[in-house]
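Q: Structure below; questions to follow.
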């Protein structure tokens, strides 16, 4: 039987906001029906078997906070082949997608933002659900596939304008429409600059 992954989204996002700079503790339980529950809450419910637990530091994408792990030079990651293949599948530049993942999660598949975004491409649950990312947002293949699909739609919407697409990826399409361009948010503007800088560097390598 295929194991189903169920994320306790409400509890997870609420708890992330409370952690601040502390590590987030994640628990993986096997349920009586064989499915799995991934949550930040300890459970004593009957039949819930704790399979593993781990900590991951909350990651704030592109905002320049003390929690953000940001390296201004290219990184060779274990996900390079996945990034290249998925980007090409949707006719996007692998160097651009890799730069986004670099800034979003620093290639940490378990990255969590204070807002509740998850995984390599820091997908918000509601956005990920639009691309069938309903199960295990921390799965690298599923997360990158959903993130690249979302990016592809943004690139089409903004006529391949990378800066507008990045702004919408970070701050939302509503913010880009409201300001008719990159919003005057410090986090978003820093995010666009960082990704574009890394994109140029990765173009020389990919």
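What follows is calculated from the coordinates using simple rules that are stated; it is not laboratory data. Bear in mind the structure is a predicted one, so any value in this text is a computation, not a measurement. Please note: Cβ atoms are built from the backbone with ideal geometry, for glycine as well, and neighbour counts cover all protein chains shown.
Q: Residues of the range 95-110 with backbone nitrogen within less than 19 Å of a virtual label 7 Å along the Cα-to-Cβ line of residue 163, please, listed as ranges.
A: Answer for this model: 96-97, 99-100.
Q: Take the Cα atoms of the range 66-134, build their convex hull, and give its volume per residue in Å³.
A: On the way: hull volume 6.3 nm³, N = 69.
Output value, Cα hull per residue: 92 Å³.
Q: Provide 206, 83 in ascending order of the number of other Cβ atoms located within 10 Å of each residue's Cβ, fewest first. Don't jump to the answer; show the numbers that get you there.
A: Numbers: 206 17, 83 27.
Exposure proxy ranking, most exposed first: 206, 83.
Q: Separate question: Assuming 0.36 nm per residue, please report the length gained on full extension of the stretch residue 73 to residue 52 beyond their Cα-Cα distance.
A: On the way: separation 21, 0.36 × 21 = 7.56 nm, distance 3.39 nm.
The span from residue 73 to residue 52 would gain 4.2 nm if fully extended.
Q: Turning to a different aspect of this structure: Obtain the nm distance between the two label points defined at residue 197 and residue 85 by a simple spin-label model: each point lies 7 Å from its Cα along the Cα-to-C-beta direction.
A: Using points 7 Å along Cα→Cβ, the separation is 3.2 nm.
Q: Once you sort the root eigenvalues of the Cα gyration tensor of the range 60-206 as a ≥ b ≥ c, which label holds: rounded (a/c under 1.5), prolate (a/b larger than b/c) or oblate (the other case)? Mind showing how you got there, number by number?
A: Values: a/c = 1.17, a/b = 1.10, b/c = 1.06.
It comes out rounded by the Cα gyration axes.
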